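Report on the structure given below.
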Amino acid sequence: MADEAKAKGNAAFSAGRFEEAAGHFSDAIALAPGNHVLYSNRSAALASIHRYSDALADAEKTVELKPDWAKGYSRLGAAHLGLGDAVSSIAAYEKGLALDPSNQGLKDGLADAKKAATAPPPRRPPSGADAIGQMFQGPELWSKIAADPATRAYLEQPDFMQMLREVQRNPSSLNMYLSDPRMMQVLSLMLNIKIQRGEDSDLPQTSSPSQPQQQQKQEQPETKAREVEPEPQPEPMEVSDEEKERKDRKAAAQKEKEAGNASYKKKDFETAIQHYTKAMELDDEDISYLTNRAAVYIEMGKYDECIKDCDKAVERGRELRADFKMVARALTRKGTALAKLAKNSKDYDIAIETFQKALTEHRNPDTLKRLNEAEKAKKDLEQQEYYDPKLADEEREKGNDMFKQQKYPEAIKHYNEALRRNPKDVKVYSNRAACYTKLGAMPEGLKDAEKCIELDPTFSKGYTRKGAIQFFMKEHEKAMETYQAGLKHDPNNQELLDGIRRCIEQINKANRGDISQEDLQEKQSKAMQDPEIQGILTDPIMRQVLMDFQENPSAAQHHLKDPGVAQKIQKLINAGIVQTR
């Protein structure tokens, strides 16, 4: 019967089980499709779980079936407001008040809608790549490109127009297109900075704007409009004695749960167990009492009892079709107990499997953290059992022999086994980094070199390996920093000194423009993806400094007296963004 389904929906709504309530109201609507109250109640349930589009459809149906019923317009206003349409929400509430001027719910809803309508939308200032990408959003973009002879032709190139529209849609995608010289040219135009190419003049310059750029006004902090979540109320129903008794038992169970929570916080675990047990006896339709008692058992070190409670909670939860988050919580607590037991049993597999099951129910950060901890504990245990420095040395020597024979993949296999036997041998990481370098696997080699330095900051070979890889990747500034860091520990190391000399030669060569157009473009493209470079170019002070280098040389020299500014200018020069000859 429709009334029976409606009663179940009302009960579920009152208990906060809105998804279940919507299902019962749907069953009632199937039996009585002309009942406007059922659509109203389902709209309320759907709005409570933020399904505002569905809630709006039900609210519109309510008004269609009963246009003179004020509460229908309350549902309509709440759904519109949930969708962010404050104007339509105001109109709906006003129509409802025209029918029932004294309705306090409609008055409150109207006030909230008006407040939302007048509140400015929240904004967050862009930064880094987003800040540069935002420059492509303004209407002046097209006029600037069309006015500049160097970029005007780009507007007739379909592939470039597609790139430009993509950056307008998603400013963060700018980095994807920086390797295209046309995009670099337009970026230079928008930044008012002349990013020099091989044929450019010999001083750091900025393109002269047609008029001084006005300093942008700082945005005032904006107050985020309070998100209004409607709190609808289903139509009152006649409550049977049986239903009343059920509600009383649930209320009593909740009180026991609260008492258990208070005892738990006081670390009075025995008393907490008693309260949770009593709550379970009063209400067996809420598995939170079981999961809470399981948590107490963990604190008491009674892991077997915890596992039993969690298994009961999962089984009962599936019978009741409980919230998947509650089932995930039970599985997580079971996994926690199993992980505690694994410290003695050395078997982490079942704990890991339980955490993985919990994540399939609900991807909770705490569960993921516990899974990672269990996997790490298992890995550490296996490593501890496998640890053998003597066998590690033997594998390292085998790897060295393969390296001398230029059999680099075979050498890596031996080095891998050596590290499994002794994961803290810096020599093995250094040797494997050399193999990766020979094979052209620079990222892997860089990672091994950095591991050398992490394990032993005084190990000079780690710095020479890392610097050599960075030099090969044409990251000369970073390579020089690495060599300099190594010299702090070994000031007379010839490899480190030679590395610095090579870096200085390449940096000076790039600064003079004595590199190919292709190399310069690659260098600039990499630099523009560096967050530090992006920050410098979007800094209003630094942009003014760069403009002064072109328009006001005396002011530019004054700027260079500031060590911070001078350092940033040097950073841009090293990156190839500006050049000197």
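The values are calculated or read from the model by the stated rules, or taken from the named source; none is laboratory data. Everything quoted here is computed from the prediction, not taken from an experiment. Neighbour counts run over all protein chains shown; Cβ positions are idealised from the backbone, glycine included. To get the accessible areas, we keep the full protein, side chains included, count just its heavy atoms, and leave off ligands, DNA and RNA. Shrake-Rupley method; radii C 1.70, N 1.55, O 1.52, S 1.80 Å.
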Practice prompt. Hey, can you tell me all the residues within region 547-581 that are within 18 Å of residue 524 (Cα to Cα) and in contact with a Lys or Arg (Cβ under 9 Å, 6 or more places away or on another chain)?
Written response: 575, 576, 577, 578, 579, 580, 581
Worksheet, complete the sentence: Every listed condition ((1) open to solvent by less than 40 Å² (accessible area, probe 1.4 Å); (2) of a type in the set (A, V, I, L, M, F, W, C); (3) more than 25 Å from residue 376 (Cβ to Cβ)) holds for residue 324 save (1)
Worksheet entry | Selection count, region 28-44, where residues are more than 19 Å from residue 95 (Cα to Cα) and crowded, with 17+ Cβ neighbours inside 10 Å | 6
Fill in: Test set (1) surrounded by 20 or more Cβ atoms within 10 Å (Cβ to Cβ); (2) touching a residue at least 60 places away in the same chain (Cβ under 8 Å); (3) of a type outside the set (S, T, N, Q) - residue 531 fails condition number
(1)
Worksheet item: Yes or no: residue 360 loosely packed, with under 15 Cβ neighbours inside 10 Å and part of a helix (DSSP H, G or I)?
Response: yes
Discussion item. Pull out all pairs, ordered by first then second residue, where Cβ-Cβ is under 8 Å, the residues are six or more apart or on different chains, the first lies in region 495-509 and is among the β-branched types (Val, Ile, Thr), and the second is open to solvent by less than 80 Å² (accessible area, probe 1.4 Å) and part of a helix (DSSP H, G or I).
Written reply: 500/480; 500/483; 500/487; 504/480; 507/476; 507/477; 507/480; 507/574
Worksheet entry | Number of the condition not met by residue 344 [criteria: (1) in a helix (DSSP H, G or I); (2) farther than 21 Å from residue 299 by Cα] | (2)
Discussion item. If the requirement is being within 22 Å of residue 106 (Cβ to Cβ), part of a helix (DSSP H, G or I), open to solvent by less than 30 Å² (accessible area, probe 1.4 Å) and without any contact (Cβ under 8 Å) to a residue 40 or more places away in the chain, which of these qualifies: 59, 47?
Written reply: 59
Worksheet item: Yes or no: residue 340 touching a residue at least 40 places away in the same chain (Cβ under 8 Å), surrounded by fewer than 17 Cβ atoms within 10 Å (Cβ to Cβ), among the charged types (D, E, K, R) and farther than 26 Å from residue 17 by Cα?
Response: yes
Discussion item. Can you confirm whether residue 381 is more than 28 Å from the chain's Cα centre (by Cα), part of a helix (DSSP H, G or I) and farther than 28 Å from residue 271 by Cβ?
Written reply: yes
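Can you pull out every residue in region 143-171 that is open to solvent by 60 Å² or more (accessible area, probe 1.4 Å) and either within 25 Å of residue 517 (Cβ to Cβ) or assigned to a helix (DSSP H, G or I) (or both)? Explain how you work it out, then say what you get.
Of region 143-171, the ones open to solvent by 60 Å² or more (accessible area, probe 1.4 Å) are 143-144, 147, 149, 152, 156, 158-159, 162, 165, 169-170.
143, 144, 147, 149, 152, 156, 158, 159, 162, 165, 169, listed by residue number.
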Fill in: Test: residue 403 is out of contact with any Gly (no Cβ under 7 Å at 6 or more places or on another chain), open to solvent by less than 70 Å² (accessible area, probe 1.4 Å), part of a helix (DSSP H, G or I) and aromatic (Phe, Trp, Tyr)
yes
Worksheet item: Do we find a residue being within 30 Å of residue 348 (Cβ to Cβ), touching an Asp or Glu at 6+ places or on another chain (Cβ under 9 Å) and either open to solvent by less than 90 Å² (accessible area, probe 1.4 Å) or not aromatic (Phe, Trp, Tyr) (or both) anywhere in region 378-385?
Response: yes
Item to complete: Filter region 221-246 down to residues that are exposed (fewer than 14 other Cβ atoms within 10 Å of the Cβ) and part of a helix (DSSP H, G or I) and give me whichever is modelled with the highest pLDDT.
Response: 245
Item to complete: Scan region 78-120 residue by residue and report those that are within 36 Å of the chain's Cα centre (by Cα) and part of a loop (DSSP other than H, G, I, E, B).
Response: 83, 84, 85, 119, 120
Worksheet item: What pairs come up if the first residue lies in region 92-108 and is open to solvent by 80 Å² or more (accessible area, probe 1.4 Å), the second is assigned to a helix (DSSP H, G or I), and their beta carbons are under 6 Å apart, counting only those six or more places apart or on different chains?
Response: 95/73; 99/70
